[in-house]
1. Consider only pairs whose beta carbons are under 6 Å apart and that are at least six residues apart or on different chains; among these, list those whose first residue lies in region 1-22 and is closer than 14 Å to LEU33 by Cα and whose second residue is β-branched (Val, Ile, Thr) and in a helix (DSSP H, G or I).
2. Is it true that GLU71 is of a type in the set (D, E, K, R) and either at pLDDT below 80 or touching a strand residue (DSSP E or B) at 6+ places or on another chain (Cβ under 6 Å) (or both)?
3. Could you please let me know if PRO84 is loosely packed, with under 10 Cβ neighbours inside 10 Å, touching a helix residue (DSSP H, G or I) at 6+ places or on another chain (Cβ under 9 Å) and modelled with pLDDT of 80 or more?
4. Of all residues in region 22-42 being of a type in the set (Ser, Thr, Tyr) and exposed (fewer than 13 other Cβ atoms within 10 Å of the Cβ), which is nearest to ALA10 (Cα to Cα)?
Amino acid sequence: MSLNIKNPEAQALATQLSSLTGESLTTAVIVALRERLTNQQRQRGAEGKSERIMQMAKKFAAGMTPGSRSEDHANFLFGEDGLPR
């Protein structure tokens, strides 16, 4: 199988990376692509995780008694002097 990219900037970047790492051009491109793919997969996984957390929070909040979500818990934990009760 062959990959033929005819772009001067891509060629220059790959050559520069290859020179810096001491890897072959092919290895430098493979490692760079693998790193970018891993980064994108990790990022998309994090986005999905935060969406699931927000869904759970909304579901949990719906079952809470009125007024309990906006209460300032610091009033229960600390006195007027700022020290723990």
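The values are calculated or read from the model by the stated rules, or taken from the named source; none is laboratory data. All values derive from a computational prediction rather than experimental measurement. Glycine also receives a Cβ, built like all others from the backbone with ideal geometry; neighbour counts cover every protein chain displayed.
1. Within 6 Å, the pairs are ALA14/VAL29.
2. Values: of a type in the set (D, E, K, R): yes; either at pLDDT below 80 or touching a strand residue (DSSP E or B) at 6+ places or on another chain (Cβ under 6 Å) (or both): yes.
In short, yes.
3. Details: loosely packed, with under 10 Cβ neighbours inside 10 Å: yes; touching a helix residue (DSSP H, G or I) at 6+ places or on another chain (Cβ under 9 Å): yes; modelled with pLDDT of 80 or more: yes.
Here the answer is yes, as PRO84 does meet what is asked.
4. First pass over region 22-42, keeping only residues of a type in the set (Ser, Thr, Tyr): 24, 26-27, 38.
Filter once more, keeping what is exposed (fewer than 13 other Cβ atoms within 10 Å of the Cβ): 24, 26, 38.
Working: SER24: 15, THR26: 13, THR38: 20 Å.
Within region 22-42, the match that is nearest to ALA10 (Cα to Cα) is THR26.
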